[in-house]
Amino acid sequence: EVAAVLCICMGLRCEGQAPRLSDALYFSGTFSKFNASSSIQNSFSLKGIGEVANGTVSDLGLGLDLPTEGLSMAPHPSGVGVYVAGAFSLANGEEVARVSLMMNGSMLPVDLGTSNTVLTTQVHEPSGLLYIGGLFSEATGVGVGYVTSWDGNEWDPMGGGVSMGFDCVASEAGTTSQRQPSVHALQLMGGDAFANYLDSPTKPKVFVGGHFTTAGVGADAVAANNVAMWDPQSGKWESLCDPLPPNRCNIQGVSGDERRQDVQYPIVFALALHEPSNRLFVGGVFASAGQKHNYVDALSSFNIVSKAWTIVSGGIAGRNPIVYSLIIKADVLYVGGSFQHVGKSNRDTVAAGIRSHSVAILDASTDAWSGTTDALGDGTVYSVAVGPSGILYAGGDFSEVTVGGEAVTMPGLVYYSVADGWQSVFDAGAELNGAIHAVHAQEFAVETVLATRLVGAFASSKPPPSLLLATLLSASALLAALAITR
């Protein structure tokens, strides 16, 4: 719920008021400066990452040296720390090589990081395993195919990951494929608290989405168009495709349409699993799912039992519709992206659909859509999040929201309620000089967590050097705190 109001100060002169939310909210993106109010010049550096907690907007030290698109965040199992990943090599002045853990006021490295940009992060909460995907081919010198997991000691190659496979056109021309494989979305299924031990038989299955045509290498490689599943028990990749009747899948996932410029290069940006209905929701930019002529724009679902691809409750529609973010809480699916209607597709000339710009809500138990009005206009939402309080947040590329028929300045980060619609997380008149690409909400807490909980239980008694250093620092802080209380 939203309690009273509190000024945004950040150690500067207060101006205006902002909602005091019961969640701690982290946001990252392409911005470098925040201004608390347009009425006075009350700005401070906010390089790529910030926090809203207890009514106050805060920077996180020196921030990120390379705030870019494609930033992602995931919670640490302790409920206190947050993993942040992107293209940066420095976080708060520390060398972290594109993936870092924010904890106890510090930005900690995760081993030696990756060779290129990380686009997505997921944490297996029972075990603490960290999964990442992106544009990288190495993690601390270990060869990986754009996706890997970290157990506190080792990076898992996950059967060679994904690739663009064999390119006939490039081969005939005597060149290599110009298309860059990438992983943009991860979704975990199953596994238990012992999954992070070496050779554990209880690691989760991993659904992977992005831009690729093949999963696995050598004799174990399978055709997989932009979405696939890694089975750690069999040590093999599987395509989400059943070629037999009644499904008759023939495109091994989702595909584009060479006749349409907006979907010539299909990408899966988001995945979300609703276990009660056995459905994996798949969002991105694509034109077909399962079959070449099964036209489904930007949002589809794959039944992990029946292996059927279907449109999601009538679909979504708009000018070049794209889904960038999916999240499920209980039986509710939250969808963020760039679209104007839900409950209809662009090919549907009969159904009126429900007007809902950039964010929509689906009751996955009944397949009923709820719109969030057209207040966000033509703005793009890159990330949606739901806090422990149940509040829905959206971050993206917009600066105004329509309220009561009038445009109100709301720079990139808003929250929603059925009664009041969209409201700004920031002070009235606040300004942010860039878009927000990742939002994470968790319970507001002030707590020191020992670093031995950074990646769950270790697979051996010897933690990695970076975690050992963090343990010593945390232990020193704890001893200092105990000395003060005496």
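Structure above, values below:
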read-out	value
Candidates Gly412, Gly371, Gly396, filtered to the one that is at pLDDT 85 or above, closer than 24 Å to Gly284 by Cβ and touching a Lys or Arg at 6+ places or on another chain (Cβ under 8 Å)	Gly371
Number of the condition not met by Phe166 [criteria: (1) of a type in the set (Phe, Trp, Tyr); (2) modelled with pLDDT under 95; (3) surrounded by 22 or more Cβ atoms within 10 Å (Cβ to Cβ)]	(3)
Complete set of residues in the stretch 222-245 that are touching a residue at least 24 places away in the same chain (Cβ under 8 Å) and either more than 18 Å from Val268 (Cβ to Cβ) or in a loop (DSSP other than H, G, I, E, B) (or both)	Ala224, Asn226, Asp231, Pro232, Gln233, Gly235, Lys236, Leu240, Cys241, Asp242
Matching residues, the stretch 307-323, being closer than 20 Å to Asn225 by Cβ and open to solvent by less than 60 Å² (accessible area, probe 1.4 Å)	Ala308, Trp309, Val312, Gly315, Pro321, Ile322, Val323
Residue in the stretch 92-99 that is small (Gly, Ala, Ser), modelled with pLDDT of 90 or more and touching a Gly at 6+ places or on another chain (Cβ under 6 Å) present	yes
Residue list for the stretch 272-296, restricted to those being outside any strand (DSSP E or B), on the phi < 0 side of the Ramachandran plot and open to solvent by less than 10 Å² (accessible area, probe 1.4 Å)	Phe286, Ala287, Val296
Test: residue in the stretch 346-361 that is modelled with pLDDT of 95 or more, within 26 Å of Cys249 (Cβ to Cβ) and either crowded, with 24+ Cβ neighbours inside 10 Å or not hydroxyl-bearing (Ser, Thr, Tyr) (or both)	no
Pick from the stretch 305-364, criterion part of a strand (DSSP E or B), in contact (Cβ under 8 Å) with a residue 40 or more places away in the chain and small (Gly, Ala, Ser), ranking: nearest to Tyr416 (Cα to Cα)	Ala360
One residue from Gly256, Gly235 being open to solvent by less than 40 Å² (accessible area, probe 1.4 Å), in contact with a helix residue (DSSP H, G or I) (Cβ under 9 Å, 6 or more places away or on another chain) and on the phi > 0 side of the Ramachandran plot	Gly235
Matching residues, the stretch 113-136, being open to solvent by less than 20 Å² (accessible area, probe 1.4 Å), polar (S, T, N, Q) and under 12 Å from the mean Cα position of the chain (by Cα)	Thr120, Thr121
Complete set of residues in the stretch 383-425 that are without any contact (Cβ under 8 Å) to a residue 12 or more places away in the chain and part of a strand (DSSP E or B)	Glu406, Ala407
Single condition Met107 does not satisfy, out of (1) open to solvent by less than 20 Å² (accessible area, probe 1.4 Å); (2) modelled with pLDDT of 90 or more	(2)
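Table: residues versus (1) open to solvent by 20 Å² or more (accessible area, probe 1.4 Å); (2) charged (D, E, K, R); (3) free of Cβ contacts under 8 Å to residues at least 12 places away in the same chain.
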position	(1), (2), (3)
Asp59	yes, yes, no
Asp65	yes, yes, no
Glu69	yes, yes, no
Met73	yes, no, no
Pro77	yes, no, no
Glu95	yes, yes, no
Ser100	no, no, no
Gly141	yes, no, no
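The values are calculated or read from the model by the stated rules, or taken from the named source; none is laboratory data. Since this is a predicted model, take the numbers as computed values, not measurements. Positions of Cβ are backbone-derived with ideal geometry, glycine not excepted, and every protein chain shown enters the neighbour counts. The protein model used for the area step is the full one, side chains on, heavy atoms only, and it has no ligands, DNA or RNA in it. Shrake-Rupley method; radii C 1.70, N 1.55, O 1.52, S 1.80 Å.
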